[in-house]
1. Name the residue that is farthest from the chain's Cα centre (by Cα), counting only residues in the stretch 111-130 that are surrounded by 19 or more Cβ atoms within 10 Å (Cβ to Cβ) and closer than 13 Å to L141 by Cα.
2. Considering only the stretch 39-78, how many residues are under 13 Å from the mean Cα position of the chain (by Cα) and more than 16 Å from the ligand (Cβ to nearest atom)?
3. Which residues, counting only those in the stretch 164-174, are of a type in the set (A, V, I, L, M) and within 10 Å of the ligand (Cβ to nearest atom)?
4. If a residue must be in a helix (DSSP H, G or I) and out of contact with any His (no Cβ under 7 Å at 6 or more places or on another chain), how many such residues does the stretch 175-201 contain?
5. Of the residues L7, L38, L42, L56, only one is touching a residue at least 60 places away in the same chain (Cβ under 8 Å), of a type in the set (A, V, I, L, M) and under 22 Å from S151 (Cβ atoms); which?
6. Across the stretch 67-102, what is the total count of residues that are within 22 Å of A32 (Cα to Cα) and in a helix (DSSP H, G or I)?
7. Collect the residues in the stretch 1-48 that are in a loop (DSSP other than H, G, I, E, B), at pLDDT 95 or above, among the acidic types (D, E) and open to solvent by 50 Å² or more (accessible area, probe 1.4 Å), keeping them in residue-number order.
8. Which one of the conditions (1) surrounded by 14 or more Cβ atoms within 10 Å (Cβ to Cβ); (2) at pLDDT 95 or above; (3) under 27 Å from P5 (Cα atoms) does T136 fail to meet, given that it meets all the rest?
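The values are calculated or read from the model by the stated rules, or taken from the named source; none is laboratory data. What you see is a predicted model; the values in this text were computed from it and never measured. Glycine also receives a Cβ, built like all others from the backbone with ideal geometry; neighbour counts cover every protein chain displayed. SASA here: full protein model, heavy atoms, side chains in, ligands and nucleic acids out. Shrake-Rupley method; radii C 1.70, N 1.55, O 1.52, S 1.80 Å.
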Amino acid sequence: MFKLPKLPYSLDALEPHIDEETMKIHYGKHHAAYVDNLNKALSEHKELIGKPVEKLLSDIDQVPEDIRQGVINNAGGHANHTLFWNVMSPKGGGEPNGDFGDLLDKQFGSFDKFETEFEAKALTLFGSGWVFLIKTSSGPLEIKRHSFQNSPFLHGNVPILGLDVWEHAYYLKYQNVRAEYVKAWWNLVNWEKVAQNFKNT
Ligand code: MN
């Protein structure tokens with residue numbers, strides 16, 4: 001059965017950009033609920049137990065119809081949040097360097113252009129969802145918006161960076177001002193981890 005993964009830092013470590021109260025609820029309640037509900041759904045189809053969450057999502061057609069939407073929501077929620085915690089660090093921010101930095105420059109024109117496009121996608125996503133930097137099956141990096149907890153794995157893509165723009169991710173501190181949350185979030189991005197995610201795809 002799936003378990004809530006340990007955070008790589010303490011609940012208050014991302015202050016002041018993401019506050020402790022938000023982390024307590026976001027990680028301890030929302031992420032935990034995705035894990036619990038995923039386990040509940042799978043308990044009705046025990047043959048799926050033991051499959052990694054990425055595999056459940058990328059083979060979604062093999063998930064029986066009666067729990068398919070539940071798996072999309074909750075395996076997606078589990079995978080997305082696990083990525084989100086891991087691409088942030090109290091020591092994050094700045095710009096990626098090395099090969100991965102070069103690749104971003106090449107793909108998007110410059111790091112600033114990448115940031116601008118990513119932010120625009122985050123601000124124009126209507127309702128709840130995510131912005132991801134993904135590696136597509138054909139290779140290049142793309143910035144994609146996904147509604148709800150829909151995971152890039154559903155489409156055979158691998159997310160290497162993800163930003164949660166559900167209101168639960170920022171409302172306590174930023175209220176309705178998503179733009180301020182997104183701006184602050186860049187201070188937390190752990191580019192070494194993102195580069196490593198890219199390497200591992
Ligand atoms: Mn969330």
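1. F114
2. Going through the stretch 39-78 one residue at a time, the tally reaches 1.
3. Step one: list which residues in the stretch 164-174 are of a type in the set (A, V, I, L, M), which gives 165, 169, 172.
The answer is V165, A169.
4. Of the residues in the stretch 175-201, the ones in a helix (DSSP H, G or I) are 178-188, 191-199.
Those still in the list that are out of contact with any His (no Cβ under 7 Å at 6 or more places or on another chain) too: 178-183, 186, 191-199.
Total satisfying the criteria: 16.
5. Numbers: L38 fails: touching a residue at least 60 places away in the same chain (Cβ under 8 Å); L42 fails: touching a residue at least 60 places away in the same chain (Cβ under 8 Å); L56 fails: touching a residue at least 60 places away in the same chain (Cβ under 8 Å).
Result of the check over L7, L38, L42, L56: L7.
6. 20
7. D12, E15
8. Among (1) surrounded by 14 or more Cβ atoms within 10 Å (Cβ to Cβ); (2) at pLDDT 95 or above; (3) under 27 Å from P5 (Cα atoms), T136 violates only (2).
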